[in-house]
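Student: What follows is a single structure, and I will ask about it in a moment.
Read the figures in this text as sums done on the coordinates, not as results from a lab. If you're wondering where the values come from, they're calculated on a predicted model, not measured in any experiment. Note: ideal-geometry Cβ built from the backbone for every residue, glycine included; neighbour counts use all protein chains shown.
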Amino acid sequence: MVAPATAGNEQRRAFRREQVLRLLATLGPLTRVQICSLLELSRGAGAGLVADLLGAGLITESADDPEGRVAGRPPKLLRLAPPQGSFLAVSLGHDAVTVAVADGSGTIRSRQSRPCEHFTPIDTQLATAASLVAGLVADDDDSERTVVVSRLGPAEPIDGLEVLGGRVLVNNDANLAAFGELTFGAGQGARNLLYVRVVTATGGGLVIEGRIHSGSNGHAGDVGHLPIEGGDWLCWCGLVGCAGRVINGDAMVRELREVFPQVTSFADIEKAAAHRVPVVEVFLRRTGRKLGRAIAGLVGVADLDCLVIDGALGSAGAPFIVGVKEALDAYTFPGTSPHLRVELGAFGEGADLHGAIALGIAAATPTPLPAFATTRAFARDMRQLSVT
């Protein structure tokens, strides 16, 4: 007769199941042999943990070897199962309230938007969002719901979030845009990323070791108030020479119109860039150099591996990014620039919605291990930890 498991044994088993989940969250799909090796488990112990997790629907298994790493029969890979429930993204923008509903894989199933006036009170925007949510989510949908709200300004709590239902998280729109590009867009595969918004208003979001980094006061990554060398214009914040005063869609239209009167909107700049109009390409390249010079110190200090520039630039993005790269080559440490990916964003103005969905899914997914935790020594230390 087998003796019943003690409470201590069950705690250790639960702890090791959590280790497996966090390992998969950190490294992606792994084989049974790899999991046992990294966590220094016997094959029997590893098989038992995997069976528990498969039975609970927390992981899946498939024969998959997309990179052709193993000759012959491909190995069976274990990966995290998509989290269950609905994931809602709510964007409270300058001129519209937008709601999107996605599943655990991040696939957007439906989306609706309603225009609003500038400076609409946030409680009015939340009421609009609640109405849109009610229209998108069926009345009989009783699945667990996670709502992430994208707001302008610092990532501070908002009163009245209960009207949205479910578990509600709040973050800044630029932070979420950065996380969306990291998870689903141009920044996939990066760990340390800066996203720079350009067209609507200059701003930015910073991701460090795969997580949104807001800093002590919620302003980390906000490149709009970095100084432009030689700038003497007054910014609304009270400082002089802020990047956001000259590197945004409206400012670019005003400046370019002085030498190219055909430009009356940023859409005109995009069209001219698509037709390779020389004066427009030169202007965009020069503006990109201004931005690159302003953010060079941040890129170097944070030792980024990816810089994503606002996808809303569209066809204007290519010459703009050429200028950014030229400045980074000139003003960053020689070892930094060659290893830095500079990409045009994949989502344009909807990047924050994708980031809100990504953050909701991340909140329902096991937390990745720190970078050093995948070493065998640390894995051994984890096994020895007591669970209280």
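Student: If R₀ is 35 angstrom, what is the calculated FRET efficiency for the pair T124 and L54, using the beta carbon separation as r and rounding to 0.05?
Tutor: Details: r = 47 Å, r/R0 = 1.36.
Plugging the Cβ-Cβ distance into 1/(1 + (r/R0)^6) gives 0.15.
Student: Further question on the same structure: What distance in nm lies between label points placed 7 Å from Cα along the C-beta direction at H219 and L234?
Tutor: Taking the simple label geometry, H219 and L234 are separated by 1.9 nm.
Student: Full-extension gain between R43 and R254, please, as 0.36 nm times their residue separation minus the C-alpha to C-alpha distance.
Tutor: Numbers: separation 211, 0.36 × 211 = 75.96 nm, distance 6.70 nm.
Extending this stretch completely gives an extra 69.3 nm.
Student: If each DSSP helix of 4+ residues adds -39,500 (n - 2.57) and the sum is divided by the residues in the chain, what number results at 222 nm, nearest 500 deg cm²/dmol? Spell out each step's value before the answer.
Tutor: Values: 11 runs with 149 residues, N = 388.
Result for the chain, helices only: -12500 deg cm²/dmol.
Student: Among T183, T60, T202, which one moves the most in a GNM of the chain with springs linking Cα atoms closer than 10 Å?
Tutor: So, out of T183, T60, T202, the one fluctuating most is T60.
Student: Which of V33, V277, V101, V148 has the fewest other C-beta atoms within 10 Å, and how do the rest follow up to the most?
Tutor: Values: V33 11, V277 16, V101 22, V148 28.
So the residues, fewest neighbours to most, are V33, V277, V101, V148.
Student: Just to be sure I follow the definition: excluding the sites themselves, where is the longest run in the chain that has none of the chymotrypsin sites (Phe, Trp or Tyr not before Pro) in a DSSP loop with at most 10 other Cβ atoms within 10 Å? Don't jump to the answer; show the numbers that get you there.
Tutor: Values: sites that count: F119, W236.
Result for the longest clean stretch: 237-388.
Student: Please check: in the Gaussian network model of the chain (C-alpha springs, under 10 Å), which one of V207, V308, V253 has the largest mean-square fluctuation.
Tutor: For the chain, modelled as a Gaussian network with Cα springs under 10 Å, the answer is V253.
Student: Okay, next question. Please build a GNM for the chain, connecting alpha carbons under 10 Å apart, and tell me which residue among G241, G300, G135 fluctuates the most.
Tutor: Highest fluctuation of the listed residues: G135.
Student: Long-range amide H contacts for R341: which residues qualify at under 5 Å (H placed 1.01 Å from N, peptide plane, sequence gap of 5 or more or a different chain)?
Tutor: Correct list: C306, L307.
Student: Still on this structure, I have one more. Could you compute the longest span of the chain free of GluC sites (Glu not before Pro) located in DSSP loops and having at most 11 other Cβ atoms within 10 Å, not counting the site residues?
Tutor: Details: sites that count: E67, E117, E209, E229, E258.
After excluding every exposed loop site, the longest remaining stretch is 259-388.
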